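The values are calculated or read from the model by the stated rules, or taken from the named source; none is laboratory data. Predicted model only: the values in this text are computed from it and were never measured. Here Cβ is always computed from backbone atoms with ideal geometry, including for glycine, and neighbour counts include all displayed protein chains.
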């Protein structure tokens, strides 16, 4: 029975690999590179990427087919780093013993280097230097400072400070070793001619391009370790024309043309998303090799169709489904002016994509998509004009209401300020009379006394809250209406400019 279970499991694993075009030669004895064996589950491997393995695209020399593979990150100094880590963890270890270990362990000199290594792909200031001599100097300087602090303050805990420094050093050398090891694996992958590209955590700009055929190339463009300007893109090019994900204009509630035209696919800044980038690249590469017509249909024609069909459907929809940046979905209802504004934004905004769509004119028949976008815009223009007229009237009426309320608003603000002054004066008197402790004001007692002295305040306070809240809400409504109005006018002008009216 156990043999049957084992065979069934093996069949399932082989089927799993075949469906995903994952290299099944992954093993600990692979002659070309050291592989992890035989963990093939996507979920498990995702968490290993750039920690224990590099995710790579490997080319079959005979068929040119692309497969996903994993190259183990060899960590040659693991024993030494473990010994150093254990030394730092022992409470009795002195800083001088740690210095002696660093000085006498020649192999640690291999870690002396500058590392463009991102601890966090989305972080900042990620690069660092590994330098044993500077570390020894730093230990000595910080120990002298600890001794000085101990002499100056009886409360200073020098043992705690030493323990903290030892832990910092332990983590520092573990990090240096990780950076050193992954750099070695990068070089191995560079030397392996069957590997097209590999995952990395290098900070700064990187854009390895692989020209698969004369017509097709794939680029993995990254800029890790620069916080808000960091990015992680895949860019496909067909006949030197970048392929744009037009459908994102419809799929995302908030989308920018300037962002969408920068990539074919974008990914969140996490190491595990390298697998998604590799799978997308692999599928595109293989389809372009197997069937260029099907490739153009999927990555160009289908993208145009999704965007244009989405624009056409916007006219009849009030309930929308959008994607988050992590590809999860959410729904949102839009009504009234906001719905018209949204329709105008998406439909008029699609006009800027026409120039990108026309780049494909020599590749595929795309004129129909341009015409459909223009039809949508001609249809929405009179709707936007009518909506702007309605909103303009509402803005005028709301301004009149705010103007009528403003004198009353100013009056209650002034009166409330006077009551505030009276409360401050009362507080001073109560402190002077010993009724309040100035070090800790009893607000309940103060408010109670204030209400006795000014019983009319309770009724005034209700009026004050009612008037100020009404004034606030009306001004917020006005600002929202002005924003929607300005947007709708800008969408109308965009359409007019396109058609040269």
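It is to be established whether one or more residues within region 277-297 are touching a helix residue (DSSP H, G or I) at 6+ places or on another chain (Cβ under 8 Å), surrounded by fewer than 16 Cβ atoms within 10 Å (Cβ to Cβ), outside the structural domain of residue 50 (by TED's automatic domain parsing) and closer than 25 Å to residue 366 by Cβ.
Among the residues of region 277-297, at least one is touching a helix residue (DSSP H, G or I) at 6+ places or on another chain (Cβ under 8 Å), surrounded by fewer than 16 Cβ atoms within 10 Å (Cβ to Cβ), outside the structural domain of residue 50 (by TED's automatic domain parsing) and closer than 25 Å to residue 366 by Cβ, which makes the answer yes.
Listed residues 473, 441, 413; which is assigned to a helix (DSSP H, G or I) and surrounded by 12 or more Cβ atoms within 10 Å (Cβ to Cβ)? Break it down into steps so the answer makes sense when it comes.
Working: 473 fails: surrounded by 12 or more Cβ atoms within 10 Å (Cβ to Cβ); 441 fails: assigned to a helix (DSSP H, G or I).
Matching residue, one of 473, 441, 413: 413.
Kindly provide the set of residues from region 147-162 that are more than 17 Å from residue 92 (Cβ to Cβ) and either outside any loop (DSSP other than H, G, I, E, B) or in contact (Cβ under 8 Å) with a residue 40 or more places away in the chain (or both), ordered by number. Spell out how you get there, then give the answer.
As a first pass, look at region 147-162 and keep what is more than 17 Å from residue 92 (Cβ to Cβ): 147-156.
Scanning region 147-162 gives 147, 148, 149, 150, 151, 152.
Quick test of your reading of the structure: residue 199 fulfils all but one of (1) touching a residue at least 40 places away in the same chain (Cβ under 8 Å); (2) under 27 Å from residue 353 (Cβ atoms). Name the failing condition by number.
(2)
Kindly evaluate residue 446 against the criterion of being surrounded by 15 or more Cβ atoms within 10 Å (Cβ to Cβ) and either outside the structural domain of residue 489 (by TED's automatic domain parsing) or in a loop (DSSP other than H, G, I, E, B) (or both).
Numbers: surrounded by 15 or more Cβ atoms within 10 Å (Cβ to Cβ): yes; either outside the structural domain of residue 489 (by TED's automatic domain parsing) or in a loop (DSSP other than H, G, I, E, B) (or both): no.
No: the conditions fail for residue 446.
Just checking, how many residues over region 342-353 are free of Cβ contacts under 8 Å to residues at least 60 places away in the same chain and either under 23 Å from residue 266 (Cβ atoms) or in contact with a strand residue (DSSP E or B) (Cβ under 9 Å, 6 or more places away or on another chain) (or both)?
Residues in region 342-353 being free of Cβ contacts under 8 Å to residues at least 60 places away in the same chain and either under 23 Å from residue 266 (Cβ atoms) or in contact with a strand residue (DSSP E or B) (Cβ under 9 Å, 6 or more places away or on another chain) (or both): 1 in total.
Report yes if residue 121 is under 38 Å from the mean Cα position of the chain (by Cα), over 30 Å from residue 199 (Cα atoms) and touching a residue at least 24 places away in the same chain (Cβ under 8 Å), otherwise no.
Numbers: under 38 Å from the mean Cα position of the chain (by Cα): yes; over 30 Å from residue 199 (Cα atoms): no; touching a residue at least 24 places away in the same chain (Cβ under 8 Å): yes.
For residue 121, the condition - under 38 Å from the mean Cα position of the chain (by Cα), over 30 Å from residue 199 (Cα atoms) and touching a residue at least 24 places away in the same chain (Cβ under 8 Å) - is not met.
Listed residues 98, 66, 44; which is outside the structural domain of residue 288 (by TED's automatic domain parsing), exposed (fewer than 14 other Cβ atoms within 10 Å of the Cβ) and at pLDDT 80 or above?
On the way: 98 fails: exposed (fewer than 14 other Cβ atoms within 10 Å of the Cβ); 66 fails: exposed (fewer than 14 other Cβ atoms within 10 Å of the Cβ).
Exactly one residue qualifies, and that residue is 44.
Would you mention how many residues in region 69-94 are free of Cβ contacts under 8 Å to residues at least 24 places away in the same chain and buried (at least 16 other Cβ atoms within 10 Å of the Cβ)?
Number satisfying all stated conditions: 1.
Taking the stated definitions as given, is residue 169 touching a residue at least 24 places away in the same chain (Cβ under 8 Å) and either closer than 20 Å to residue 103 by Cβ or surrounded by fewer than 17 Cβ atoms within 10 Å (Cβ to Cβ) (or both)? Lay out the reasoning, then the answer.
Working: touching a residue at least 24 places away in the same chain (Cβ under 8 Å): yes; either closer than 20 Å to residue 103 by Cβ or surrounded by fewer than 17 Cβ atoms within 10 Å (Cβ to Cβ) (or both): yes.
It is true that residue 169 is touching a residue at least 24 places away in the same chain (Cβ under 8 Å) and either closer than 20 Å to residue 103 by Cβ or surrounded by fewer than 17 Cβ atoms within 10 Å (Cβ to Cβ) (or both).
Is there a residue being farther than 30 Å from residue 478 by Cα, outside the structural domain of residue 464 (by TED's automatic domain parsing) and touching a helix residue (DSSP H, G or I) at 6+ places or on another chain (Cβ under 6 Å) anywhere in region 317-330?
Yes, the conditions are met somewhere in region 317-330.
So which residues in region 205-225 are in a strand (DSSP E or B), under 21 Å from the mean Cα position of the chain (by Cα) and at pLDDT below 90, if there are any at all? Before the answer, list the steps.
Initially, region 205-225 is screened for residues in a strand (DSSP E or B), giving 205-206, 209-211, 216-224.
Filter once more, keeping what is under 21 Å from the mean Cα position of the chain (by Cα): 205-206, 219-224.
205, 206, listed by residue number.
Let me confirm something: among 396, 403, which residue is closer than 30 Å to residue 457 by Cα, loosely packed, with under 14 Cβ neighbours inside 10 Å, out of contact with any helix residue (DSSP H, G or I) (no Cβ under 7 Å at 6 or more places or on another chain) and modelled with pLDDT of 95 or more? Before you say what the answer is, go through the steps one by one.
Details: 396 fails: closer than 30 Å to residue 457 by Cα.
Of 396, 403, the one residue that is closer than 30 Å to residue 457 by Cα, loosely packed, with under 14 Cβ neighbours inside 10 Å, out of contact with any helix residue (DSSP H, G or I) (no Cβ under 7 Å at 6 or more places or on another chain) and modelled with pLDDT of 95 or more is 403.
Has region 375-385 got any residue that is over 30 Å from residue 241 (Cα atoms) and out of contact with any helix residue (DSSP H, G or I) (no Cβ under 9 Å at 6 or more places or on another chain)? Working first, answer last.
Keep residues of region 375-385 that are over 30 Å from residue 241 (Cα atoms), which gives 379-385.
Remaining after also requiring out of contact with any helix residue (DSSP H, G or I) (no Cβ under 9 Å at 6 or more places or on another chain): 382.
So far as region 375-385 goes, yes, one or more of its residues are over 30 Å from residue 241 (Cα atoms) and out of contact with any helix residue (DSSP H, G or I) (no Cβ under 9 Å at 6 or more places or on another chain).
Could you check region 360-387 and list, in sequence order, the residues that are assigned to a helix (DSSP H, G or I) and in contact with a strand residue (DSSP E or B) (Cβ under 8 Å, 6 or more places away or on another chain)?
Across region 360-387, the qualifying residue is only 360.
Name every residue in region 64-94 that is assigned to a loop (DSSP other than H, G, I, E, B) and within 37 Å of the chain's Cα centre (by Cα), in order of residue number.
64, 65, 73, 74, 75, 76, 77
Checking the structure you have, find out if any residue of region 330-341 is surrounded by fewer than 16 Cβ atoms within 10 Å (Cβ to Cβ), without any contact (Cβ under 8 Å) to a residue 24 or more places away in the chain and more than 27 Å from the chain's Cα centre (by Cα). Full working, then the answer.
Our first condition is that a residue be surrounded by fewer than 16 Cβ atoms within 10 Å (Cβ to Cβ); within region 330-341, this holds for 330-333, 335-336, 338.
Going one step further and asking which of them are without any contact (Cβ under 8 Å) to a residue 24 or more places away in the chain, we end up with 330-331, 333, 335-336.
Imposing the further condition that a residue be more than 27 Å from the chain's Cα centre (by Cα) reduces the set to 335-336.
Scanning region 330-341, I find at least one residue that is surrounded by fewer than 16 Cβ atoms within 10 Å (Cβ to Cβ), without any contact (Cβ under 8 Å) to a residue 24 or more places away in the chain and more than 27 Å from the chain's Cα centre (by Cα), so the answer is yes.
If you go through region 313-329, how many residues are under 24 Å from the mean Cα position of the chain (by Cα) and on the phi < 0 side of the Ramachandran plot? It would help to see each step written out before you state the result.
Initial filter on region 313-329 (under 24 Å from the mean Cα position of the chain (by Cα)): 320-329.
Applying the additional criterion that residues be on the phi < 0 side of the Ramachandran plot yields 320-326, 328-329.
So the count comes out to 9.
Quick check: is even one residue across region 182-197 modelled with pLDDT of 95 or more, surrounded by 13 or more Cβ atoms within 10 Å (Cβ to Cβ), in contact with a helix residue (DSSP H, G or I) (Cβ under 9 Å, 6 or more places away or on another chain) and not assigned by TED's automatic domain parsing to the domain that holds residue 225?
no
Does region 449-459 contain at least one residue that is closer than 30 Å to residue 337 by Cβ, in a helix (DSSP H, G or I) and not assigned by TED's automatic domain parsing to the domain that holds residue 347?
Going residue by residue through region 449-459, those that are closer than 30 Å to residue 337 by Cβ are none.
No, the conditions are met nowhere in region 449-459.
How about region 130-141: which of its residues are in contact with a helix residue (DSSP H, G or I) (Cβ under 8 Å, 6 or more places away or on another chain) and surrounded by 15 or more Cβ atoms within 10 Å (Cβ to Cβ)?
Filtering region 130-141 for residues in contact with a helix residue (DSSP H, G or I) (Cβ under 8 Å, 6 or more places away or on another chain) gives 130, 132, 135-136, 139-140.
Matches in region 130-141: 130, 132, 135, 136, 139.
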